[in-house]
Amino acid sequence: MTTQRLPFPVPDERAHYFVDSYAEMHALVEDLVVPDGVPEAAATVLRTARELLRQSYYCYEFSTVAVMHSLIAVEVVLRDRIPDAGKKPLHGLIKQGAAAGILTARQAEYLDYGRQIRNGMAHGRTTHAVMPPAMAVPMVTTSFAIVSELCAVASAG
């Protein structure tokens, strides 16, 4: 049996379409700070999504995974905020959240778009989606914002 050694990470050549260095990747995500009051389960997922974005400098596909991962945080908070959420799928949570005024129409639209991307990958309809960091950062930022807004309303209420 031969031992396979993994190489040390090197920058993905596609990353240079958006940044010149890893330090610039840090600058892209440094404003993605988990606010106080976010449940730890969602906070952990958001921090992971942020790190996936940063590491997409080395593994470009991580930016797509970051978007999908950030949606998990939103789902965690929605389950907490929506009465009788139970085991409803994300689609049902979005519809119920919008109908109850927990989500704005714009938030619901964003989440449904993200859900469709996630489902396409999770169910094998989209087998290789690469979302450039320039596209992924705003989507992850939106997840951070929705979680922040939902948690701010919950703590004020």
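Here is the figure for segment 49-59: residues that are buried (at least 20 other Cβ atoms within 10 Å of the Cβ) and either at pLDDT below 90 or not in a helix (DSSP H, G or I) (or both) total 2. Here the helices (runs of 4 or more DSSP H) wholly within segment 75-157 that include at least 2 residues being modelled with pLDDT under 90 are 105-122, 133-156.
The set of residues in segment 106-155 that are under 18 Å from Arg79 (Cα atoms), loosely packed, with under 14 Cβ neighbours inside 10 Å and among the hydrophobic types (A, V, I, L, M, F, W, C) contains only Val153.
Being touching a Cys at 6+ places or on another chain (Cβ under 9 Å), surrounded by 11 or more Cβ atoms within 10 Å (Cβ to Cβ) and outside any helix (DSSP H, G or I) is the filter here, so list the residues in segment 33-48 that pass it. The answer is Pro35, Gly37, Val38, Pro39. Pick from segment 1-32 the residues that are among the charged types (D, E, K, R) and either assigned to a loop (DSSP other than H, G, I, E, B) or surrounded by fewer than 10 Cβ atoms within 10 Å (Cβ to Cβ) (or both): which of them is modelled with the lowest pLDDT? Looking at the filtered set, the residue picked out is Arg5.
The values are calculated or read from the model by the stated rules, or taken from the named source; none is laboratory data. Quick caveat, the model's predicted, so the values are computed rather than measured. Please note: Cβ atoms are built from the backbone with ideal geometry, for glycine as well, and neighbour counts cover all protein chains shown.
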